[in-house]
1. Find the residue count for region 291-316, including only residues that are buried (at least 19 other Cβ atoms within 10 Å of the Cβ) and either under 30 Å from residue 25 (Cα atoms) or of a type in the set (Lys, Arg) (or both).
2. Can residue 92 be described as without any contact (Cβ under 8 Å) to a residue 60 or more places away in the chain and in contact with a Pro (Cβ under 6 Å, 6 or more places away or on another chain)?
3. Please determine, by comparing only the residues of region 203-229 that are of a type in the set (D, E, K, R) and at pLDDT 95 or above, which one is nearest to residue 158 (Cα to Cα).
4. Filtering region 141-167 down to residues that are among the β-branched types (Val, Ile, Thr) and outside any loop (DSSP other than H, G, I, E, B), which residue is surrounded by the fewest Cβ atoms within 10 Å (Cβ to Cβ)?
5. Quick check on my filter: what residues within region 128-145 are under 19 Å from residue 225 (Cα atoms) and hydrophobic (A, V, I, L, M, F, W, C)?
6. Give the number of residues within region 60-104 that are in contact with a Gly (Cβ under 6 Å, 6 or more places away or on another chain) and either of a type in the set (Asp, Glu) or within 17 Å of residue 124 (Cα to Cα) (or both).
7. Pairs please, first residue from region 242-265 and within 20 Å of residue 358 (Cβ to Cβ) and small (Gly, Ala, Ser), second anywhere and surrounded by fewer than 17 Cβ atoms within 10 Å (Cβ to Cβ) and at pLDDT 90 or above, Cβ atoms under 6 Å, 6+ apart in sequence or on different chains.
8. Determine which member of the set 106, 124 is surrounded by fewer than 23 Cβ atoms within 10 Å (Cβ to Cβ), of a type outside the set (A, V, I, L, M, F, W, C) and modelled with pLDDT of 90 or more.
Amino acid sequence: MTIYFFVVFGVYFSFLIALWVGWQLTFEKVDSKKSTTTPGVSVVIPFRNERSNLKPLLESLLAQNYPKDSLEVILVDDHSTDSSASIVEEFVPRFQNMKILQLDKDSTGKKKALALGIQTSSHDLIVTTDADCIHQPGWISSISSCFDKKDVVMAVGGVRIESSSGWFAKIQALEFTSLIATTASTLFYQQPTMCNGANLAFRKNAFLEVGGYDGNYEIASGDDEFLMRKMHARFQGGIVFMSDQTSVITTQPSATLKSFIQQRIRWAGKWKHNSSFGTKLLAAFVFVFQLSFVLLPVAGWFHWILPERVYFLIVVKFALEFMLIYPVTFFLQIRWRWIPFLILQVIYPFYVVGVALLAQIQSVRWKERAI
């Protein structure tokens with residue numbers, strides 16, 4: 001039993017160290033020069049029942065320091081049942097180039113909305129984001145600079161969760177930093193595992209060349225990740241991480257524990273549709289490790305492993321996860337807090353195991369729809 005735990009934990013510790021190295025090297029050769037070109041950019045935003053979020057989103061887009069004649073904003077309404085559309089219409093006179101589109105009655109879902117927006121876009125550089133996000137004034141400019149090199153076809157950005165609304169939000173914000181670390185680090189090794197459609201950019205001609213979202217429309221989540229995999233398969237080395245802090249966007253935390261769990265189940269459900277063996281293997285290992293961590297104190301209690309070795313493994317895990325996550329909070333401009341970190345050390349393994357199991361058996365609701 002001791003050998004089992006040391007092997008599983010040893011592999012996990014090696015993975016954390018590799019992620020830390022990848023994160024550090026991602027920023028080692030960052031080009032500090034600002035781009036002097038301003039290619040046309042189309043920002044595509046699908047929305048459904050977002051009346052409380054649209055005003056902050058649109059205000060942040062109005063504040064972009066990018067040339068207005070090179071910026072197009074396309075919002076696609078996925079059959080909202082609230083006043084979202086009327087809020088968007090209020091902003092139309094304030095934008096130089098803005099489109100509001102409505103999905104046909106026979107079309108539903110985020111991927112369909114994104115595809116419609118991309119299809120009608122005027123520019124080759126497409127940027128996607130979500131309706132509950134807020135962007136820094138230099139957001140578009142920093143994204144544009146990622147495409148100065150012609151071989152870059154996709155740029156993956158950082159996302160931080162707004163953490164000013166209580167301890168639940170602070171825990172979510174810190175938990176999400178590990179996903180950003182994994183995103184950037186695995187991309188550094190040219191083995192991309194994840195990305196976030198709330199902060200994603202790509203060339204339209206590359207999107208069309210790989211078939212866009214074809215083959216994935218019926219999957220509840222993964223519009224971003226499955227597209228990234230297609231891009232990676234077709235354009236090796238053509239995906240980069242947005243390493244400028246001004247590219248980081250802010251999104252809202254889940255308001256309740258139920259909505260948080262539903263979101264994570266929806267995300268976890270896409271893994272069974274993943275075509276990457278390496279990513280499936282990683283997901284399986286993460287599950288095995290977290291389950292092993294849950295069982296570690298039990299093994300120590302029954303002396304299947306010496307208690308001092310249990311303490312050793314827990315302390316090393318704590319130290320390496322701190323080493324990885326702490327620098328990511330600086331990039332995301334999130335204040336480090338020890339209490340959420342300590343809480344996550346206790347509850348995270350149970351959460352991962354529970355969500356992974358529920359994703360295999362439970363359907364979820366999103367935006368008042370069963371998916």
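The values are calculated or read from the model by the stated rules, or taken from the named source; none is laboratory data. In this text the structure is predicted, and so the values were computed from the model without any measurement. Cβ: placed from backbone, ideal geometry, glycine included. Neighbour counts: every protein chain shown.
1. Total satisfying the criteria: 2.
2. Answer is no for this residue.
3. Once the filter is applied, the top-ranked residue is 203.
4. Going through the qualifying residues, I end up with 161.
5. If the condition is that a residue be under 19 Å from residue 225 (Cα atoms) and hydrophobic (A, V, I, L, M, F, W, C), then 131, 133, 143 are the ones that fit.
6. Total satisfying the criteria: 2.
7. Qualifying pairs under 6 Å: none.
8. Result of the check over 106, 124: 124.
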